[in-house]
1. What is the residue count in the stretch 12-29 for residues that are under 16 Å from the mean Cα position of the chain (by Cα) and open to solvent by 40 Å² or more (accessible area, probe 1.4 Å)?
2. Of the residues in the stretch 141-155, how many are touching a residue at least 40 places away in the same chain (Cβ under 8 Å), surrounded by fewer than 19 Cβ atoms within 10 Å (Cβ to Cβ) and more than 9 Å from the ligand (Cβ to nearest atom)?
3. Has the stretch 109-122 got any residue that is within 12 Å of the ligand (Cβ to nearest atom), touching a residue at least 60 places away in the same chain (Cβ under 8 Å) and either more than 29 Å from R199 (Cβ to Cβ) or open to solvent by less than 30 Å² (accessible area, probe 1.4 Å) (or both)?
4. Please work out if S93 is over 21 Å from C139 (Cα atoms), away from the ligand (no atom under 16 Å from the Cβ) and open to solvent by 20 Å² or more (accessible area, probe 1.4 Å).
5. Pick from T186, T127, T179: which is polar (S, T, N, Q) and either in contact (Cβ under 8 Å) with a residue 40 or more places away in the chain or in contact with a Gly (Cβ under 9 Å, 6 or more places away or on another chain) (or both)?
6. Looking at (1) more than 15 Å from the ligand (Cβ to nearest atom); (2) within 24 Å of S130 (Cβ to Cβ); (3) surrounded by 20 or more Cβ atoms within 10 Å (Cβ to Cβ), can you tell me which one V32 breaks?
7. Can you name the residue in the stretch 87-129 that is of a type in the set (D, E, K, R) and assigned to a loop (DSSP other than H, G, I, E, B) and, of all such residues, is farthest from Q156 (Cα to Cα)?
8. Is it true that L103 is under 14 Å from the mean Cα position of the chain (by Cα) and under 21 Å from D47 (Cα atoms)?
Amino acid sequence: MANVLVLFAHPGQRHSRVNVGMAKIASSIEGVTFIDLYAQYPKFDIDIDVEQDRLLRHDVLIFQFPIYWYSTPSILKEWQDLVLEYGFAYGHSGDKLANKVFLPVITAGGPDHAYTEHGRNHFRLRTLLSPLEQTANLCQMRFVAPYALFSAHDAQQEGRADPHLEGYRRLLLALRDETFDLSAATQTELLSAETLPIRERTVHD
Ligand SMILES: Cc1cc2nc3c(=O)[nH]c(=O)nc-3n(C[C@H](O)[C@H](O)[C@H](O)COP(=O)(O)O)c2cc1C
C-alpha cells in the first residue's frame, strides 16, 4: 500500500460546487492523508518542518485545487516556495522526494476547447501547468497527467459531477492500492473519470 497525501487549496470554499465534494471523498478514505491548506494556515504561516516530515511519510503527493488565474491558488505557491528547500527537495543531497509520485487534481471554469492554441485561453492546460511539472522534475518526482474537470460550473447540471467524484474515489484507491498504471498515466496529456488507467488487482498485488 502506498501512502497518499492530498494538499487541498481552495480559497473560496463556500462557493465551491465540485471541490468540496471531492475533498469530502479524499478525507474519508483510509490511507489517504487529507490536508486543507487554507484551514491549516489561514495566515500563511506554513510550518516547514511539519510539511517536510509529512512529505517524507508519503509516497504520492496530490495538489487538489481550482485553477485561479491560470495557476494554483496562492497558498500552494507559498507552500512550494517554503517547503521545497535546497538540500531537501533539490540541489546537493536534496533527494528526499526522489521517486515519489506527483499528481495535480484540477477543476477549471473554462471549457476544454478554450484550453487550446486557437481557443480563448490560447494555451493548453498542460502548458499552463509546466511550472508544476518542471518543479516535480527538478525534485526527481514522477509527474502524472492531471486529473481535470473542465466547465466545472455546469458539471452538476450536466450530470458530469458525480462521475468525476466517483472517478476521484477510484483514482485515490488505485494510487493507495498501487493498481494505478503510472507509466500509462505519465504518457497521457490529461486524465478524466473515463480514462483512468487502473489495473485489476492480481495475486501479486
Ligand atoms: C479568482 C478566480 C480566478 C479564476 N481563474 C480561472 C482561470 O484562470 N481559468 C479557469 O478556467 N477558471 C478560473 N476560475 C474558475 C474556477 O476555476 C472555478 O470556479 C472552479 O474550478 C470551480 O470549482 P468549485 O466549484 O469547486 O469552486 C477562477 C475563479 C476565481 C474565483
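1. 3
2. Qualifying residue count, the stretch 141-155: 1.
3. Checking the stretch 109-122: not a single residue is within 12 Å of the ligand (Cβ to nearest atom), touching a residue at least 60 places away in the same chain (Cβ under 8 Å) and either more than 29 Å from R199 (Cβ to Cβ) or open to solvent by less than 30 Å² (accessible area, probe 1.4 Å) (or both).
4. Here the answer is no, as S93 does not meet what is asked.
5. Details: T127 fails: either in contact (Cβ under 8 Å) with a residue 40 or more places away in the chain or in contact with a Gly (Cβ under 9 Å, 6 or more places away or on another chain) (or both); T179 fails: either in contact (Cβ under 8 Å) with a residue 40 or more places away in the chain or in contact with a Gly (Cβ under 9 Å, 6 or more places away or on another chain) (or both).
Exactly one residue qualifies, and that residue is T186.
6. The failed condition is (2).
7. Top of the filtered list is D95.
8. no
The values are calculated or read from the model by the stated rules, or taken from the named source; none is laboratory data. Quick caveat, the model's predicted, so the values are computed rather than measured. In this analysis, Cβ positions are derived from the backbone assuming ideal geometry, glycine residues included, and neighbour counts consider all displayed protein chains. Quick note on the areas: whole protein, heavy atoms, side chains included, nothing else; ligands and nucleic acids left out. Shrake-Rupley method; radii C 1.70, N 1.55, O 1.52, S 1.80 Å.
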